[in-house]
Amino acid sequence: DGQVVIITGASSGVGLWAARALAERGWQVVMACRDLDRAARAADATGIDPERRRLMALDLADLDDVRRFAAAFDVPGARLDALVLNAAVYMPRLAAPLRSAQGYELSVATNYLGHFLLARLLLPLLGRAPAPRLVTLGTVTANSAEFGGRIPIPAPADLGDLSGFEAGFQAPVAMIDGKPFRPGKAYKDSKLACMIMSREFHRRHHAETGIVFSTLYPGCVADTPLFRHAPPAFRSIFPWFQKNVTGGYVAQPLAGERVADVVADPGFAASGVHWSWGNRQVAGRAAFSQPLSARGTDEARNRRLWDLTEKLVGLG
Ligand code: NDP
């Protein structure tokens, strides 16, 4: 009945296919993308009904643009039933950190800080929907309670004592833990921070707003453009390896359906949950909820992360 979902980074990969799946289920899909031409081409190529989609510009790497987007969306009469925090950058080969508009390390700024601000700004509107959900893309590599999260290449996600955030996260600081820059770990840290954020949203706001907060790992979607900065040999071997050795490979349309399930299906109405389909894909296997590792469940540290994040995005 005209339910509205915003999906960030819907111009490719998981977000694009989630947009298609939800449009097919009758939702109105707001594709929040940094490059609208690319997003329109991708939506056409994927066959997303133009009547069911709306393209809106959003650059998560600029907090001013996040504020502009939220203000442009949250106008009188606006409706928001679900928000999907999906966009991400992964740049494992950088020798030195890139910086966001506000001077923060770019992968944490895009994947985590931009999404934190966006969710906070849209929370009051979302909370007015009859059955609202806030869904965040996590990843197995950020969760050491799952096997995939224990693979120490290049290093497991670990936010340490948060001293990089404590110090203001501006150059030369490039990591949340304040240690020397490691680009692959910066991505994992950003995803762990997103998973902690979702837990904190649940703890702080579920009872009062009724919003269902969940994270999911859709499986290893090894052939999305996420890996565009990985070495060419990796990009050809990784999908093959995931298909034939680990069995973790998931095609983009199925990953999109899984996100759509977590957004729209009554079976996913529990809040404060991380959903996984496991590391080895088994046809027809149902999703199950998964514990977060000790690194994600240290409550005092998680509260501190929330407070420091508020300061960095200008809400403190
Ligand atoms: P893609 O690279 O295909 O998609 C990422 C999307 O994020 C693109 O639409 C990209 O836009 C967008 N984006 C990047 N930077 C910004 C920005 N500054 N502002 C707005 N949008 C931006 O990756 P995937 O589909 O693979 O990943 C989607 C999510 O799924 C991520 O959160 C990822 O961590 C997660 N995930 C992926 C897995 C996988 O195996 N692929 C496994 C587990 C989780 P543009 O087109 O302009 O570049």
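The values are calculated or read from the model by the stated rules, or taken from the named source; none is laboratory data. All figures in this text were calculated on a predicted structure; none of them were measured in a lab. A quick note on method: Cβ atoms are made from the backbone with ideal geometry, for glycine too, and the neighbour counts reach across all protein chains shown.
Can you spot a residue in the range 69-84 that is away from the ligand (no atom under 15 Å from the Cβ), in a helix (DSSP H, G or I) and either touching a residue at least 24 places away in the same chain (Cβ under 8 Å) or surrounded by fewer than 18 Cβ atoms within 10 Å (Cβ to Cβ) (or both)?
Looking for residues that are away from the ligand (no atom under 15 Å from the Cβ), in a helix (DSSP H, G or I) and either touching a residue at least 24 places away in the same chain (Cβ under 8 Å) or surrounded by fewer than 18 Cβ atoms within 10 Å (Cβ to Cβ) (or both), one finds at least one in the range 69-84, hence yes.
Which of the residues belonging to the range 1-33 are in a loop (DSSP other than H, G, I, E, B) and more than 7 Å from the ligand (Cβ to nearest atom)?
The answer is ASP1, GLY2, GLN3, ARG25, GLY26, TRP27.
Please enumerate the residues belonging to the range 34-48 that are in contact with a strand residue (DSSP E or B) (Cβ under 9 Å, 6 or more places away or on another chain), surrounded by fewer than 23 Cβ atoms within 10 Å (Cβ to Cβ) and either among the acidic types (Asp, Glu) or not in a helix (DSSP H, G or I) (or both).
Passing the criteria: ARG34, ASP35.
If you go through the range 86-96 one residue at a time, do you hit one that is assigned to a loop (DSSP other than H, G, I, E, B), of a type in the set (Ser, Thr, Tyr) and touching an Asp or Glu at 6+ places or on another chain (Cβ under 7 Å)?
No, there is no match, as no residue in the range 86-96 is assigned to a loop (DSSP other than H, G, I, E, B), of a type in the set (Ser, Thr, Tyr) and touching an Asp or Glu at 6+ places or on another chain (Cβ under 7 Å).
Which members of the range 69-92 meet the condition of being of a type in the set (Val, Ile, Thr) and under 12 Å from ILE7 (Cβ atoms)?
The answer is VAL84, and nothing else.
Out of all the residues in the range 182-214, which are of a type in the set (Val, Ile, Thr) and either more than 13 Å from the chain's Cα centre (by Cα) or at pLDDT 95 or above (or both)?
Within the range 182-214, THR209, ILE211, VAL212 meet the criteria.
Sort out for me the helices (runs of 4 or more DSSP H) sitting completely within the range 162-268 that have 2 or more residues that are within 16 Å of the ligand (Cβ to nearest atom).
183-209, 232-241, 252-264
So which of ALA101, ALA96 is more than 10 Å from the ligand (Cβ to nearest atom) and either of a type in the set (Gly, Ala, Ser) or more than 23 Å from LEU308 (Cβ to Cβ) (or both)?
So the residue among ALA101, ALA96 that is more than 10 Å from the ligand (Cβ to nearest atom) and either of a type in the set (Gly, Ala, Ser) or more than 23 Å from LEU308 (Cβ to Cβ) (or both) is ALA96.
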